[in-house]
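Peer 1: To start, I am sharing the structure in question, which I have written as structure tokens.
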Amino acid sequence: MPNTLYRKKLVIVGCGAAATLLLAELAETLDSPLEIYLIDNNPSAPLGLAYSVNHPAFVLNVAAKRMGAYITKPDDFYQWLLQEPMHWRGLYPDFADVNFAPDDFVPRMIYAAYLRKVFSRSVSLLEQKNIRIIQLKEPVVAVAPLADEADVQVCVSTQQQKIQADIVVFATGNNPAQHIASTCCFDSPYTAAFLNQDWSSLHHVAIVGAGLSMIDAVQFISSQGFTGKFQIFSRHGLLPLPHSNEQPMAAAPPLDLSSVGNTARQVVRALRFYVESNCRAGFEWQESINKIRPHVSYLWAKLTAVEQRRLTKALPWWNIHRHRIPPHAYANLQQLREQDRLTITRCPVTAIEPLNNGFQLRSSCPLDVDKVLTISADKVVICSGYAPGVNRIKNIGEKLLAADDHLRQSLVKNDTTFSISATHNIFALGPALSGLLFETTALHETRQQANAISAAISALLIN
């Protein structure tokens, strides 16, 4: 019989989508007495930022058949759509008669209902195994070692209490970037102010940033009867590319890792050669990018810090090919450009100030430092991405973290437990690892990380 007098404590910092995926994996693998603390003051728990917007114009960027919460059941979300329509048809009038195909890009408000179901199911399964779940709706302010340096436990402090934890997992999600300070514009396309704005009465909207959140902004504003012009400002001047409409007739050949060198230039050259060779052989470039994805963290980890900084210069080109958008969203962008209703300017914006009839944008272009642009726009929307998630971890748990190369070294050794401490049982997944890994924000990567961390926690509880 297991000893139930003492229960080890697992603290999960965060309660968004990444935490939900981890909880789903833990529900499948754990079988030892445990207390799990979910600590987050996120009002949209267990969804997080990406899936908390309640409007059908915001759709998933990945087909339904690949959005399952479980690594062994990637089609679980699509099966849920088919088997439990009572949970999503009533969310919006247009959903009453719609039927989704496996390759459809489903509204995120429906995926939010799925995540809630996964969360509640996982909690129920864990409680059936005599595992306690404690949710605290308050922020974590510090994670620190105990006074006894030999103790592997850590102290997790919120604003109101302290918890002595055996294992900590950071699942802190996306953190808004702080490099633009202004009260004259929307700081995200996911805020209530943005969603409640009367866009149909406006004529000119400026957007800072050209990634996936820009796509969300354009799609939503267009759905609100806006007939004016979009002006996009981006540090790289590139727009996301679409998923393929075609089903691959055969799988592209795998990437030969031995052909990839240990410098940024060699990595870019090898990957470009791989994609171009496959295209000449009749495979679409999207299929080749999908084949590269599982190896990105390993290739990144092999590089020195200097070479990693060099490789980040290629990040914009990787992002537009890797973080693809639904074909209908791409077609909408192209139509707006053809109608001269959407333009994109290469210009890294660092500050925004309101004027009587528009805005003043300050840029830090390398060839024209501190350049000032004056634009005529009704509103500005910030879509310039997020701050590195590892920065937040360092702010609250710096004394426990290994040097930044700890995770890199573990990946080179193929020890993919996503441990971020050399002395304590501390892990991280999803956007919390941004700033350490080259690729870590997509559900596909987060799902793999949740599976690996769950297995590592199970092993720790047995030992």
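The values are calculated or read from the model by the stated rules, or taken from the named source; none is laboratory data. Note that the structure is a prediction, hence the values are computed from the model and not measured. Cβ placement follows ideal geometry from the backbone for every residue including glycine, while neighbour counts extend to all protein chains displayed. SASA here: full protein model, heavy atoms, side chains in, ligands and nucleic acids out. Shrake-Rupley method; radii C 1.70, N 1.55, O 1.52, S 1.80 Å.
Peer 1: If you count only protein heavy atoms with a 1.4 Å probe, what accessible area per residue comes out for the chain, rounded to a whole Å²?
Peer 2: Value returned for the chain: 47 Å² of accessible area per residue.
Peer 1: Something else about it: What nm value, rounded to one decimal, do you get for the distance between GLN360 and TYR92 when each label is placed 7 Å out toward the C-beta?
Peer 2: 4.0 nm
Peer 1: Out of residues 5 or more away from LYS8 or on other chains, whose amide H comes under 5 Å of its own, with H placed 1.01 Å from N in the peptide plane?
Peer 2: GLU35
Peer 1: Moving on to the next point. Tell me the carbon and sulfur percent of the accessible area for the chain, rounded to whole percent, probe radius 1.4 Å.
Peer 2: Here it works out to 51 percent.
Peer 1: Measure out, as a whole number of angstrom, how far apart the alpha-carbon centroids of the range 414-463 and the range 50-87 sit.
Peer 2: That distance is 23 Å.
Peer 1: Whole number please: convex hull volume per residue of the Cα set in the chain, in Å³?
Peer 2: Output value, Cα hull per residue: 173 Å³.
Peer 1: Could you work out how far apart the two model spin labels at SER120 and SER201 are, taking each label as a point 7 Å from the Cα in the direction of the beta carbon, and quote it in nm?
Peer 2: According to this spin-label approximation, the distance is 3.9 nm.
Peer 1: Once you keep just the Cα pairs under 8 angstrom separated by 6 or more residues, what percentage relative contact order results for the range 73-163?
Peer 2: Rounded, it is 15 percent for the range 73-163.
Peer 1: Any chance you could check the Cα centroid distance between the range 262-283 and the range 295-348 for me, in angstrom?
Peer 2: Distance between centres, Cα-based: 17 Å.
Peer 1: List the residues whose amide H sits under 5 Å from the amide H of SER434, counting only those 5 or more places along or on another chain, with H placed 1.01 Å from N in the peptide plane.
Peer 2: Residues meeting the amide H criterion: GLY389, VAL390.
Peer 1: With +1 on the Cβ of every Lys and Arg and -1 on the Cβ of every Asp and Glu, and nothing else charged, how large is the dipole of the range 92-172 about its Cα centre, in debye rounded to the nearest 20?
Peer 2: With only Lys, Arg, Asp and Glu charged at Cβ, the dipole is about 300 debye.
Peer 1: Just want to confirm a number: the relative contact order over the range 279-395, from Cα pairs under 8 angstrom separated by 6+ residues, in percent.
Peer 2: 12 percent
Peer 1: Could you work out how far helix 264-280 tilts from the main Cα principal axis of the chain, as a 0 to 90 degree angle to the nearest 10?
Peer 2: The angle comes out near 70 degrees.
Peer 1: Another question, if that's okay. With θ set to phi - 60° and the Karplus curve 6.51 cos²θ - 1.76 cosθ + 1.60, what are the ³J(HN,Hα) couplings of the range 218-232 in order, to the nearest whole Hz, using x for Gly and Pro?
Peer 2: Couplings: 5, 4, 5, 4, 5, 6, 9, x, 6, 10, x, 10, 9, 10, 9 Hz.
Peer 1: Here's another thing I want to ask about it. Quick one: angle between helix 443-462 and the longest Cα principal axis of the chain, in degrees between 0 and 90, rounded to 10, please.
Peer 2: 10 degrees
Peer 1: How much solvent-accessible surface does ASP340 expose, in Å² to the nearest 10, with a 1.4 Å probe and all protein chains in place?
Peer 2: 90 Å²
Peer 1: Something else about it: Please report, for the Cα atoms of the range 150-279, the Rg to one decimal and the Dmax as a whole number; what are they, in angstrom?
Peer 2: Computed over the Cα atoms of the range 150-279, radius of gyration and Dmax are 23.0, 65 Å.
Peer 1: At most 15 other C-beta atoms within 10 Å and a DSSP loop state: those are the exposed GluC sites (Glu not before Pro) I care about. Give me the longest piece of the chain that has none.
Peer 2: Values: sites that count: GLU149, GLU246.
Here the longest segment lacking exposed loop sites spans 247-463.
Peer 1: For GLN224, project a label point 7 Å along Cα to C-beta. Then give me every residue of the range 80-120 with its amide nitrogen under 20 Å of that point.
Peer 2: So the set is 92-94, 107-110.
Peer 1: How do THR172, THR374, THR441 stack up against each other in accessible area, from largest to smallest, with a 1.4 angstrom probe?
Peer 2: Sorted descending by solvent-accessible area, the residues read THR374, THR441, THR172.
Peer 1: Give me the one-decimal nm value for the distance between modelled label points at ARG269 and ALA192, 7 Å along each residue's Cα-to-Cβ direction.
Peer 2: Label-label distance for ARG269 and ALA192, simple model: 5.6 nm.
Peer 1: Taking Cα atoms of the range 215-353, Rg/Rh with Kirkwood Rh, to two decimals?
Peer 2: Working: Rg = 17.8 Å, Rh = 17.3 Å.
Reported Rg/Rh, Kirkwood definition of Rh: 1.03.
Peer 1: Run lengths n ≥ 4 of DSSP H only: what is the helix-derived mean residue ellipticity at 222 nm for the chain, with -39500 (n - 2.57) per run over all residues, to the nearest 500?
Peer 2: Taken over the chain, the calculation gives -10000 deg cm²/dmol.
Peer 1: For the chain, what's the relative contact order in percent, using C-alpha pairs closer than 8 Å and at least 6 residues apart? Don't skip to the end; give the middle numbers.
Peer 2: Details: 844 pairs, mean separation 93.9, N = 463.
Value for the chain: 20 percent.
Peer 1: Can I ask one more? Across every pair of different alpha-carbon atoms, what Kirkwood hydrodynamic radius in Å does the range 1-107 reach?
Peer 2: It is 16.1 Å.
Peer 1: Place a point 7 Å from Cα of GLU127 in the direction of its Cβ. Which residues in the range 29-51 have their backbone N less than 19 Å from it?
Peer 2: Once the point is set 7 Å along Cα→Cβ of GLU127, 29-40, 45-47 turn out to lie under 19 Å by backbone N, inside the range 29-51.
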